Amino acid sequence: MAIEGKVAKVLANNTIVINRGRDAGVRPGMLFEVFSPEGEEVWDPDTGETLGTVEDVKARAEVTEVRERFSIARLQGPATPFGVMDLGEMQENLQRIFSQMFGEGGVHIRTFGMGPSGGDDEEELESMLGGPLKDLSKVQVGDAVREVRRR
C-alpha cells in the first residue's frame, strides 16, 4: 500500500516537510506526488451528474532526510507551468534563452510590475483575467502527498 500524507511545512529552496516519517515506512530516495487534497470535480456532459474528482499533480518530491515522525523532501521542478518555479525565475530563464538565441538586447522579457512606472500591475492583471489572482499550482501546507511506486 502506498504511503499517503500531507505537506506539513514549505521550506526555502524548494523543500517541503511531509507529515510521515520512519514510523510510517518512509525511506530516503522515496518519490512522492504533491496534489490538492480536494481535487477537481468532473461532470458527465450527457447526464449532468458528477463522475467524481480528479487529482491535479502539482509537483514531485524526493525524500532527502527521514526523521521518526516526518520527512524532508526536495521538490523536483514544476509539474504545471508555474508549479515550483516562481514567475520571476521563469522570466530570468526565458530572458537567458532568448539572449542566447537572438543576442544580448535582441529580445527583452517584460512582466507585470516591471513597467516604466515600476508599480504593481496586479489590479490590471486581475481585471484582464476576470478575478483575483490565486496560483493554485504552488505547493502549500495541507496539500496531499502520495508515494509514487517505481516499476
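Would you check which residues across the range 1-56 are hydroxyl-bearing (Ser, Thr, Tyr) and in contact (Cβ under 8 Å) with a residue 12 or more places away in the chain and list them? Answer for the range 1-56, where residues must be hydroxyl-bearing (Ser, Thr, Tyr) and in contact (Cβ under 8 Å) with a residue 12 or more places away in the chain: THR15, SER36, THR53.
Looking only at residues of the range 57-79 that are part of a loop (DSSP other than H, G, I, E, B) and free of Cβ contacts under 8 Å to residues at least 60 places away in the same chain, we find that the one that is nearest to the chain's Cα centre (by Cα) is ALA79.
Within the range 8-22, restricting attention to residues that are over 19 Å from ARG149 (Cα atoms) and surrounded by 11 or more Cβ atoms within 10 Å (Cβ to Cβ), the residue that is modelled with the lowest pLDDT is ASN14.
The values are calculated or read from the model by the stated rules, or taken from the named source; none is laboratory data. Computed from a predicted model, the values in this text were never measured in an experiment. Note that each Cβ is placed from the backbone with ideal geometry, even for glycine, and that neighbours are counted across all protein chains shown.
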